[in-house]
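S.K.: Take a look at the following structure, please.
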Amino acid sequence: MRQSRDAENPVALLVRSGARGDMDQIVQLGGMRGELADIGYRPLRPPVRRNYREGISPLEYYLGAHAARRSMCEKKLAVAPAGDFTRLMVEAAYPLVIAGEDCGGEKKGLFIHPFPGLDALDFRGLRGLAQRLVGRVEVKTGEVIDEKRAQELEEEGEAVLVRSALLCGGEEKWGYGALCRKCYGWDLSRRDLPELGAPVGIVAAQSIGERGTQLTM
């Protein structure tokens, strides 16, 4: 019986569905909003006695749209610190650029260790060894680790020594902020080593800044 009434009354169907509005919108269209409040719960006067169906005055429209303006302003205020955070990240990392093919640090690297057990409570949800190896250059072979090789290394269950930008000797070879392609590893958007001159520091800063913006919002 209720479904048949909704089918005949599209307004009731819209309100009950929750898809494009609720009772507040219906009140604004055909009821009386009454006395509204600002962000500090102080009353906004005069109260809005009319609605869109009857016609409202410019002042009543201004008061009725207070919540929409407030949420828009709050969103803009929240974006500012997130943008400043991204700017600071870029300022810190912008000198990092791919300057050469190989810095000559074939024997230097960092060990990537397998987690004791991904099913254990402390490690649940963390990425396995294979996922953390893809795209890095293995010190033992000097080759980039693809998915097949990463799976083989994970099955061995041993720590894997890989080249790392943290230990790159590019700065001594080419100057401040320089990195080599081998220590950086894959550009994951191309599944290949990055091109010479790629501003990898700025890319990294923007990648972290985007997450910071989402968290701020």
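S.K.: With contacts defined as alpha carbon pairs under 8 Å and 6 or more residues apart, what's the relative contact order of the range 1-108 in percent?
M.R.: 14
S.K.: Shifting gears a bit: Which loop trypsin sites (Lys or Arg not before Pro) in the range 147-202, with loop taken from DSSP, have no more than 16 other Cβ atoms within 10 angstrom of their Cβ? If you can, show how the numbers build up before the last one.
M.R.: Values: sites: 148, 149, 163, 173, 181, 182, 190, 191; in loops: 163, 190, 191.
Within the range 147-202, the qualifying trypsin sites (Lys or Arg not before Pro) (loop, at most 16 other Cβ atoms within 10 Å) are 190, 191.
S.K.: Give me the distance in nm between label points sitting 7 Å out from Cα along the Cα-to-Cβ direction at residue 192 and residue 70, one decimal.
M.R.: So the label points at residue 192 and residue 70 sit 5.5 nm apart.
S.K.: Where in the chain lies the longest segment free of chymotrypsin sites (Phe, Trp or Tyr not before Pro) that are both loop residues by DSSP (not H, G, I, E, B) and have at most 11 other Cβ atoms within 10 Å?
M.R.: Formally, the longest exposed-site-free interval is 42-175.
S.K.: What distance in nm separates the two pseudo spin-label positions at residue 146 and residue 26, each 7 Å out from Cα along the beta-carbon direction?
M.R.: The answer from the label model is 6.1 nm.
S.K.: When DSSP assigns beta bridges and you keep just the ones with both residues in the chain, what percent turn out antiparallel, to the nearest 5?
M.R.: Beta bridges within the chain, antiparallel portion: roughly 75 percent.
S.K.: Another one. Run the accessible area of the range 22-155 with a 1.4 Å probe and give the carbon-and-sulfur part as a rounded percent.
M.R.: 58
S.K.: Taking the chain as a Gaussian network, where each spring joins two C-alpha atoms under 10 Å apart, which residue of 22, 84, 192 fluctuates the most?
M.R.: Greatest mean-square fluctuation among the candidates belongs to 22.
S.K.: For residue 140, go through the lysines and keep the ones whose alpha-carbon is under 28 Å away, minus same-chain ones fewer than eight residues off.
M.R.: Correct list for residue 140: 107, 108, 148, 173, 182.
S.K.: State the dimensionless ratio Rg/Rh of the chain (Rg: radius of gyration of Cα atoms; Rh: Kirkwood radius).
M.R.: 1.26
S.K.: Under a 10 Å cutoff between Cα atoms, tell me which one of 25, 206, 151 has the largest fluctuation in the Gaussian network model of the chain.
M.R.: It is 25.
S.K.: Let me ask something additional. What number, in percent, do you get for the relative contact order of the chain if the mean sequence gap of Cα pairs under 8 Å and at least 6 apart is divided by its residue count?
M.R.: Numbers: 302 pairs, mean separation 47.6, N = 217.
Answer for the chain is 22 percent.
The values are calculated or read from the model by the stated rules, or taken from the named source; none is laboratory data. Worth saying up front: this structure is predicted, and the values here are computed from it rather than measured. Glycine also receives a Cβ, built like all others from the backbone with ideal geometry; neighbour counts cover every protein chain displayed. Please note that ligands, DNA and RNA were not included when accessible areas were found on the heavy atoms of the full protein model with its side chains. Shrake-Rupley method; radii C 1.70, N 1.55, O 1.52, S 1.80 Å.
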